Amino acid sequence: MKNLSAGLLVLCFASVSAFAQMDAAPQPLKHSDVVFMGGSSKEAYQAYGATVVDWGGHAGKNEDKPKAEFRARVKAAQDLGIQYNAGIGMLTEFLGMIDSCPEHEKAICRDIEGKPITVPWLWDHKVHGELGKAYWFCSNSPLYQQYLRDLTARAMAGEPDGFHIDDYGGTAGAAMWNGGCFCESCMAQFRAWLKSNVAEEKLRSLGIGKLDDFDYGNWLRAKGATNSVAFKNSRTKFPLDAEFKTFQAKSAGEVVRQLQEYAAKLRGKPLARSVNGEPPSLQAFVVSPHVDHFSCEVGMGAPGLKFTTGAAFTYKCGDMVRRGIAGTASGQDWAYVIDHQTVNLTRYWIAESYAFGHCFMAPSQHQWAYSKEKGTHWLKAKPEDYADLYKFVRANSALFDGYESAAQVGVVFSHAAWRANKKDPQSAATALLNANIPFALVAAGDEFLDQRLDAARLRSFDRVIVPADPMVDPAQQKSLDGVPKDTICAWKNAAASLAGIVPWVSIEGATNVWALPRKLPGKVDSPVVVHLMNRNYDFATDKIQPRQNVVLHLRAALLDKLAPTKCRMLVANSPEAIIPIRKESDGISVTIPELGLWAVLQIE
């Protein structure tokens, strides 16, 4: 591998838009897609009804035989009508970098002491028999960027339909929370970034004159930042820390953009673009303009032995930035499933994702599990435990595809406030979910989240909930000021902020049941689909506890111009049932004789 200049590698090629004449852009992830995490066998694909492969890997080596073998793997899926998205990893492919680049030590992320940073959750991985060499390589290093391009070329050798990047945050991860990165490449590029993005007056006020030979690491060490552990815990107190993190975040986003465009150039057509990014992380928002969907690990909270609303909030964030999510559980969650054999807990995760309009990747041989005690290990799932849910979704795709969440309430998600650890939107979301009040998150963006509040959209909600301290710019504040004062309120708590709302949806006769209504946008007389999720789960027995005679009330405002005459109830592994509709003064109601894990109602 050639030594490259210390500046950020610039990939020069034609715009991806030029490929539009050669091939149509890939379709977005559909709500009914069945996504595999990595390639598998024909039998596994058919058992689950697979439609997409994400995390599809690449040829093992840049040689004819491995490339031909990878092409055969991709073609086998494509011959079944499956979209195959090849992929690379930014953190997990350290062995190849070490073996292929004699100068690889120049590309390792460094802490404030100049020591190499390793990937913490790969502590048990050996490099040629040695522990402690799972290096976190710097995505700002031209040496490592060249290696990532080489991996991308090996991925495109399979002639795939899309391109996935794992650990897409690159160096930003080390910079954000792991005490780095102060390698030569980062110092040179941060110096250039400061010249373009920070006023000279501010730099002079910090005692920084000419930037020509400025080294941020040396400057911090002169100010007492000489211990990596102490610095990691107190770095926000040091000058320019916010600017440094902004530089790292945007640099990582630029690397993703360049790699995605390079992949499309090599392939000769637009590709489905995805990353292992879980909103509402800052880096996921930075990269969202450069991806079509997120294919990511989502924390389910299983080790805490309680249901959370964390996954639901992630799905709502996906809606907010108009990106689908193909999720899987975290490594810690899968470790819990392995240790406790919680098949029904996993079935709930699957059903919940589809109820929110997203996808849960089919459990197979590729589910990474992690615990401090065992390190990396793998779930070996059986199709007979889960495939029926995926077949149910595929058989009823017309009730999923095209439908979007109904929204009575808008919740303003200020990214600036979120970054300041003000989590009002998540508290509001939890309260609204548990009260069965349909809502949408509405982005108030900043330099990382490329969306802005729109007054017309805000006025479409019955109520708009804003953070107690929204921290928005003047233009977005003007949009908030354009909302009628009697419909807008600052978040305090559930009792105060939800008072006076008459929910479009309500449940009678059962607790811990979510009713999630979905509609076809712009079609006021179209059927309404309601997903009923039974959250009465017992961690001790791994069982969903059924609920009888659950009454669902739907108000006229939700139904719009629909005059319902029929309610179809669909449940996996059960015949379709017709539920009588009762007309009420302000809508309708239906009674569900028994609710197990998940029921899908079509009101028409």
- Limited to region 377-416, what total is found for residues that are surrounded by fewer than 16 Cβ atoms within 10 Å (Cβ to Cβ) and either part of a loop (DSSP other than H, G, I, E, B) or under 20 Å from the mean Cα position of the chain (by Cα) (or both)? 4
- Item | So residue 143, is it over 30 Å from residue 76 (Cα atoms), in a helix (DSSP H, G or I) and either assigned by TED's automatic domain parsing to the domain that holds residue 66 or touching a Gly at 6+ places or on another chain (Cβ under 6 Å) (or both) | yes
- Query: Pairs under 9 Å by beta carbon, first residue over 21 Å from residue 417 (Cα atoms) in region 443-464, partner of a type outside the set (A, V, I, L, M) and surrounded by fewer than 19 Cβ atoms within 10 Å (Cβ to Cβ), six or more apart or different chains?
  - Reply: 456/482; 459/482; 459/484; 459/487; 461/487; 462/487
- Out of region 107-140, which residues are more than 23 Å from residue 331 (Cβ to Cβ), part of a loop (DSSP other than H, G, I, E, B) and among the charged types (D, E, K, R)? 113, 115
- Query: For residue 209, all conditions in the list (1) at pLDDT 95 or above; (2) not aromatic (Phe, Trp, Tyr); (3) not in a helix (DSSP H, G or I) hold save one; what is the number of the exception?
  - Reply: (1)
- Matching residues in region 224-250 - criterion: being assigned to a loop (DSSP other than H, G, I, E, B) and surrounded by 13 or more Cβ atoms within 10 Å (Cβ to Cβ): 225, 227, 238, 239, 240
- Would region 133-140 turn up any residue that is among the polar types (S, T, N, Q), under 12 Å from residue 91 (Cα atoms) and buried (at least 21 other Cβ atoms within 10 Å of the Cβ)? yes
- Message: From the list 117, 108, 112, 98, exactly one residue is surrounded by fewer than 21 Cβ atoms within 10 Å (Cβ to Cβ), within 30 Å of residue 228 (Cα to Cα) and assigned by TED's automatic domain parsing to the domain that holds residue 225. Which is it?
- Response: 98
- Message: Please determine whether any residue of region 417-425 is closer than 17 Å to residue 317 by Cα, touching a Leu at 6+ places or on another chain (Cβ under 8 Å) and surrounded by fewer than 18 Cβ atoms within 10 Å (Cβ to Cβ).
- Response: yes
- Going by the structure shown, is residue 168 touching a Pro at 6+ places or on another chain (Cβ under 7 Å), hydroxyl-bearing (Ser, Thr, Tyr) and in the same structural domain as residue 269 (by TED's automatic domain parsing)? no
- Please tell me if residue 449 is out of contact with any Lys or Arg (no Cβ under 9 Å at 6 or more places or on another chain), within 22 Å of residue 571 (Cα to Cα) and among the hydrophobic types (A, V, I, L, M, F, W, C). no
- Query: Within region 82-106, how many residues turn out to be in contact (Cβ under 8 Å) with a residue 60 or more places away in the chain, part of a loop (DSSP other than H, G, I, E, B) and within 30 Å of residue 72 (Cβ to Cβ)?
  - Reply: 4
- Message: Going through 589, 526, 585, 574 one at a time, which residue ends up being over 25 Å from residue 462 (Cβ atoms), out of contact with any Ser or Thr (no Cβ under 8 Å at 6 or more places or on another chain) and not assigned by TED's automatic domain parsing to the domain that holds residue 349?
- Response: 574
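The values are calculated or read from the model by the stated rules, or taken from the named source; none is laboratory data. Bear in mind the structure is a predicted one, so any value in this text is a computation, not a measurement. Ideal geometry is used to build each Cβ from the backbone, glycine not excepted, and the neighbour counts take in all protein chains shown.
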